[in-house]
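Right, one structure below, let's go through it.
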Amino acid sequence: MLRLSALTLAALAATSSVAIAQTTTPTTGTTTTTMPATAAALPNPQVGGAEMIATKTIVENASAAPNLSTLVTALKAAGLVETLSGTGPFTVFAPENEAFTRLAPGTLDTLLKPENKAVLAKVLTYHVVPGKVTLAQLKEQMKAGGGTATLTTVEGSPLKVTEEGLAIALTDVSGNKSYVAVPDVNQSNGVVHVVNGVVVPKLS
């Protein structure tokens, strides 16, 4: 059952306006720097100091990146490791560790409890889009959509993508935003865009 306490649901839905303010301008004071499109397509980019190998799967590469360890823990708790190790292809907007700290205190611990496995899976699959969608393709979709691309996630809810200067913003169904920090990290079964916030679908 998709059931969390009212307090936790409210915290997830809010994802905190303070957190959004922290991520809107990736300048000094944050550990994440939004990269321009010209820096996008490196053959083996570094994520968290670890080289990402294009012949490895999403899970294999994420497991090697120190700044994606919380995501990997969550994928294991949600039972999604096998799925994201499969053929795909998938596009994953992968929240770095710091992104999870911007959730309300205690939210992540609550989501990682076995009884909340289904809710955690909904949150994580809201960060996954079927097929391989590169930064260039996102830009094309935004142009065709008058400045906004609307992606249908594996979870089923829409995720909006817009361009704010050089930054690529994801906006969830509640209006909260996350920003792409490292785009176009190619995988054997898709592509990963590392993001600095957690987006949340409707949970009830």
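Computed quantities for the displayed model
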read-out: Virtual spin-label span in nm between Ile53 and Thr162, 7 Å along Cα→Cβ; value: 4.1
read-out: Val173 paired with Ala136, simple spin-label distance in nm, labels 7 Å along Cα-to-beta-carbon; value: 3.3
read-out: The range 75-172 - convex hull of the alpha-carbon atoms, volume per residue in Å³; value: 107
read-out: For Val182, net neighbour charge (Lys/Arg +1, Asp/Glu -1) across residues whose Cβ lies under 15 Å away; value: -4
read-out: Compactness of the range 133-174 - radius of gyration and Dmax, Cα, Å; value: 9.9, 29
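All of the numbers you see were taken from the coordinates with simple rules; none came from a lab. Source: prediction; values computed, not measured. All Cβ positions, glycine included, derive from the backbone under ideal geometry; neighbour counts span all protein chains shown.
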